[in-house]
Amino acid sequence: MCDETGRHRWEVWQTKNAGGFCIGHVHRDLKDPEAGVGGGPSRLVCEWEGAAAARIAQVLKNVSTYRFCQRYRMWPGPNSNTFVAWVLREAGVEHALDPRAIGRNYLVAKQ
């Protein structure tokens, strides 16, 4: 997930404090925005501009409030998709994550 300037890549990584700016499992700029993960290339699914982008950027300025910074679990979560769902919810941006996004519906991602 990139911020409103498109200059930062945010993600939850399996390894804590793996590099770049990080708070536990939440990392910024660990990889280039175009770098693939999981055996495949990155792909742009959605892009936000204007007010929605500004609200997302505000949430990312306060990423330490994400309650699972220090915890990662592939299934059922919390994981990268749980983090994305949290950012969008906190920003008030409605967007359904792909049905294959494991962790998108993690029990507390919606609270």
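Answer rounded, prolate or oblate for the chain, using the Cα gyration tensor with square roots of eigenvalues a ≥ b ≥ c: rounded when a/c is under 1.5, else prolate when a/b is larger than b/c, else oblate. Note, shape of the chain comes out rounded.
Cα centroids of the stretch 83-102 and the stretch 44-62: 12 Å apart. Residues in the stretch 88-100 carry Karplus couplings, in order, of 4, 5, 4, 7, x, 9, 8, 7, 7, 6, 3, x, 7 Hz; the curve used is 6.51 cos²θ - 1.76 cosθ + 1.60 with θ = phi - 60°, and Gly or Pro positions show x. In the elastic network of the chain, a GNM with C-alpha springs shorter than 10 Å, the most mobile of 13, 86, 48 is 48. Looking at the chain, the accessible area is 62 square angstrom per residue; that uses a 1.4 Å probe and ignores ligands, DNA and RNA.
Within the listed set 69, 46, 22, the residue fluctuating most in the Gaussian network model of the chain (springs between alpha-carbon atoms under 10 angstrom) is 46. Of the accessible area of the chain, computed with a 1.4 Å probe over protein heavy atoms only, carbon and sulfur atoms account for 50 percent. Between 28, 55, 73, the GNM of the chain built on Cα springs shorter than 10 angstrom shows 73 fluctuating the most.
The values are calculated or read from the model by the stated rules, or taken from the named source; none is laboratory data. Since we're looking at a predicted model, the values are computed, not measured. All accessible areas refer to the heavy atoms of the entire protein, side chains included, with ligands and DNA or RNA removed. Shrake-Rupley method; radii C 1.70, N 1.55, O 1.52, S 1.80 Å.
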